[in-house]
Amino acid sequence: MKLDERLDRLTAMTPSEVKAEWRRAFGTPAPPAFGIALTTRAIAARYQEQALGGLTRAELRMLEVQARRNERKPKTAPVVKPGTWLSRTWHGEVHEVVVLDGAYEYRGSRFASLSAIAREITGAHWSGPRFFGLHSPRLGSLKVDAGA
């Protein structure tokens, strides 16, 4: 069967048929986290790989190099606008910080960094942005942009 025909047949399948096709194509059950659309695309990619050939060694090596580069990128500290209030509860006590222009105010004192405030609160070294949740992936789901 030609690739186009296989792809047409795949897009016409019911979800249970797609899952059965996944098992046939990959030899394992379809990952439960995959929706039907992603499962279908992965099977289509497998069909194309079988029909047209997979990636060359040079392409695979290039992807590995790029993946390593992405892992090494240091996280940049988020920029928070002056006037922003940051709040953190630590051992049952609420600590509030006001972002100033180039500094932070905590309990009437100015600090050069959030890390210094986190150290003041905890008595130990912390990453200030992390302590105050500025690296939290939940900010994205709450539609809050710490870098704005």
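The values are calculated or read from the model by the stated rules, or taken from the named source; none is laboratory data. In this text, all values refer to a predicted model and were calculated from it rather than measured experimentally. No Cβ is skipped: glycine too gets one built from the backbone with ideal geometry, and neighbour counts run over all protein chains shown. Surface areas here come from the heavy atoms of the whole protein model, side chains and all, with no ligands, DNA or RNA. Shrake-Rupley method; radii C 1.70, N 1.55, O 1.52, S 1.80 Å.
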Worksheet entry | Per principal axis, descending, Cα span of the chain in whole Å | 75, 36, 26
Worksheet entry | Those trypsin sites (Lys or Arg not before Pro) in the range 17-78 that DSSP places in a loop and that have at most 10 other beta carbons within 10 Å | Lys75
Practice prompt. Could you order peptides 1-13, 119-131 by the average number of other Cβ atoms within 10 Å of their residues, highest first?
Written response: 119-131, 1-13
Fill in: Unit charges at the beta carbon, dipole of the range 1-139: most positive-side option, Leu63, Leu38, Leu10
Leu63
Worksheet item: At a 1.4 Å probe, what is the % contribution of carbon and sulfur to the accessible area of the chain?
Response: 54
Item to complete: Rank these by accessible area, largest first, 1.4 Å probe: Trp90, Trp85.
Response: Trp85, Trp90
Worksheet item: Mean separation of Cα pairs under 8 Å and 6+ residues apart, divided by the residue count of the chain: what relative contact order is that in percent?
Response: 14
